[in-house]
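The values are calculated or read from the model by the stated rules, or taken from the named source; none is laboratory data. The structure displayed is predicted, hence computed values, not measured ones. No Cβ is skipped: glycine too gets one built from the backbone with ideal geometry, and neighbour counts run over all protein chains shown. Heads up: the accessible areas ignore ligands, DNA and RNA and are worked out on the full protein's heavy atoms, side chains in. Shrake-Rupley method; radii C 1.70, N 1.55, O 1.52, S 1.80 Å.
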Amino acid sequence: MAYSVQFLPNPARKPEGLGDGGIEQFRGKPHVSCARETGQNSNDAGSKDGDKPVVMKFNLHHIDRDDLPFADELHKACKHCLADSEDKAKRMDNDPEEDRTVQFFRRAVKETGEEAISVLEIADFNTTGLTGPMDDSESVFNSLVKADGVNNKRSDDSGGAFGIGKKAAFATSNVQTVLYSTLTEDPQGSELFGIQARLQLLSHEREAEPFRAEGYWGNPNFAPITDPAGLPDWMVRKERGTSLFVVCFPAQKNWARKMEISILTNFTTAIFRGKMEFEIDDGGITINKATLSQRLGSSDMDEIAKDVGLTEQLGYARHILKCLSSGETQKFTFEVEGYGEADLRILVEPELPRHILMVRNGMYITNHLRGFDQPLVHFAQTREFVAILEPAGSEGGRKFGALLKRLENPEHNAFEPSRIISDEEQGRVETSIQQLVRAAREKIKEAAKVETSDSDDIDELAHLFAAEAGDEDTTSSGESDPERFTYGQAKTKTRKMPNIQIDPEGGDLGGSGDKDKTTEKEGGGGQGKGSGTGTGGEGTGSPRKPIQLAATRICDITTGGTYVHELHFTPEGTGPAEITVAASGLTTASELQVAKVGLGQIEKGKIRLELEAGKRVSICFNLAESFHGPMELSAMTISETVKSAS
């Protein structure tokens with residue numbers, strides 16, 4: 001039978017451009033998004049016995065044009081779309097050389113006309129495949145290939161919740177075309193094969209007949225192919241599972257490493273527990289429980305993370321692994337009122353970020369619950385720790401996982417109560433989550449509390465006490481003579497402040513990202529106005545210097561109103577300045593993000609305003625996340641015009 005490409009008819013002549021919302025949201029980080037979303041889909045499709053890990057393989061092929069059955073039709077469709085986009089640019093008086101759509105289809109026509117076409121295969125093993133029947137509109141196969149915004153996954157606590165993530169693969173295709181091939185079984189246990197390609201191009205006309213942007217390669221009437229006979233061998237699944245082929249994949253430098261870091265930062269928990277394994281670039285990169293620590297700790301991973309904007313997530317992945325693998329980790333189980341059970345794991349150890357990290361279905365999601373007004377960071381007066389909060393490994397945990405799935409946003413980086421439709425249930429959910437977080441915070445404070453004794457060295461009070469003297473006389477027994485003991489100034493240790501370096505010749509140098517130490521500022525490298533030589537700090541500009549603040553005071557506002565906190569200080573310099581608010585700790589100060597101020601402006605969570613030496617300043621402010629512990633202030637100049645008080 002002759003298979004063909006068919007586009008949906010468009011009798012209404014509805015214009016459809018390249019800006020498909022589902023695809024565009026993944027355009028910024030296509031490789032990272034593709035690895036995450038396809039990984040989640042395969043994780044959800046794990047085989048029923050569950051005794052083998054889901055295995056995923058990402059391999060790049062260069063397919064002879066003659067071995068891609070729909071290459072000619074795809075090329076022809078791209079030429080029609082190019083002609084329509086050029087005509088539109090001319091009508092709109094747009095320069096074709098700057099028109100995004102024209103440029104997209106010029107590239108598409110070129111690539112689909114070449115002798116070899118690059119295709120990325122993403123294949124999973126030890127999975128159920130895309131279950132049918134293939135002609136059932138509600139089957140998993142049709143949900144993945146054809147449906148938009150529909151989730152037909154059978155498990156209530158599965159990874160995907162919106163049916164949007166499948167569009168991530170289209171964002172990595174230079175022709176927005178993806179081919180799906182699967183081998184599964186029917187209800188009677190017999191093997192069932194299915195294959196179909198989806199094209200997402202541009203509404204266009206052919207021979208004066210209008211068509212929509214959406215097209216399919218397969219059997220007539222937009223049906224999939226169910227008989228592999230006569231198909232090229234490379235596109236036919238021979239083992240149970242699914243292969244997804246991204247047509248005209250842009251094989252950019254480091255594509256494999258970008259997908260690797262996405263996998264490492266998203267699926268740390270699933271990999272550690274032996275639930276998932278990955279191979280990339282024909283086995284050049286292997287990720288499993290045995291290699292996880294080595295891959296996460298490799299020396300060049302920080303550079304890859306910086307390149308794709310995952311520095312913070314890389315730090316969290318390292319902390320998650322440390323928490324899961326340490327013999328010192330404590331585990332607690334909480335009841336989530338009305339919604340099952342949650343597990344909390346706490347590791348107390350130096351140089352950890354004092355954060356709670358939330359995981360669902362083996363995938364890291366977030367370190368905040370802003371929608372519930374429950375901070376998962378900023379634990380003052382505790383030792384350094386990291387904690388993992390996730391559904392428990394029980395039936396109650398499945399119930400809590402199902403709730404989190406309903407709360408999760410399409411980007412998989414937040415839980416939001418507004419996604420519950422019923423106002424009444426939304427209120428119940430908010431109460432249950434808030435109670436859970438409060439219980440978790442109390443358990444953390446108990447587990448990570450600062451132990452004190454009569455012999456503790458209290459640096460904050462050291463200036464009130466005398467230090468031991470040097471060169472004093474001793475008695476014959478070697479003890480100091482109390483009548484000749486000389487008292488001197490107390491010795492103090494410098495308490496660590498937020499990891500910010502200052503270049504005397506330039507601006508901010510940014511924080512230095514330690515291998516196993518991540519804070520909210522870690523690995524950052526800001527782009528200040530300085531010409532510093534550290535990580536970040538590009539450009540030239542005036543030197544930045546600290547401004548001394550006298551008589552500082554920060555307190556909560558208890559009379560109600562718009563603001564929650566207020567601060568007071570007297571600066572010892574004059575000019576534009578940047579004020580940082582930080583949570584006080586015994587050893588470190590963790591920066592807090594300011595969200596609203598009654599005086600000045602906010603720039604990246606800091607307060608910017610004009611100071612006058614000796615003039616008292618009072619500012620009301622709110623933080624991005626609720627915090628009511630001890631706070632402290634620091635100030636930096638933001639121009640060379642600042643003058644010290646004479």
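Values computed for the structure shown
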| item | result |
| --- | --- |
| For the stretch 597-614 versus the stretch 188-225, the gap between their alpha-carbon centres in whole angstrom | 58 Å |
| Vicinal HN-Hα couplings computed from phi for the stretch 78-90 (Karplus, 6.51 cos²θ - 1.76 cosθ + 1.60; Hz; Gly/Pro x) | 5, 5, 4, 5, 5, 4, 5, 5, 5, 4, 5, 4, 5 |
| Potential lengthening between Met92 and Arg616 on full extension [0.36 nm per residue; Cα-Cα distance subtracted] | 182.8 nm |
| Violating pairs (Cα-Cα greater than 20 angstrom) within the set Lys253/Lys306; Lys57/Lys275; Lys52/Lys238; Lys57/Lys110 | Lys57/Lys110 |
| Modelled label reach - Ser626, point 7 Å along Cα→Cβ, the stretch 348-391 residues with backbone N closer than 14 Å | 369-377 |
| Separation of alpha-carbon centers, the stretch 620-639 and the stretch 256-283, rounded to whole Å | 38 Å |
| Accessible area per residue, Å², the stretch 236-284 with all protein chains present, probe 1.4 Å | 34 Å² |
| For the stretch 188-202, Karplus couplings with θ = phi - 60° (6.51, -1.76, 1.60), whole Hz, Gly/Pro x | 8, x, 7, 5, 9, 9, x, 8, 6, 10, 10, 10, 10, 10, 8 |
| Sites Glu603 and Cys555, calculated FRET efficiency, Cβ-Cβ separation with R0 30 Å, nearest 0.05 | 0.80 |
| Spin-label pair Ala439/Gln593, simplified geometry with 7 Å Cα→Cβ offset, distance in nm | 2.8 nm |
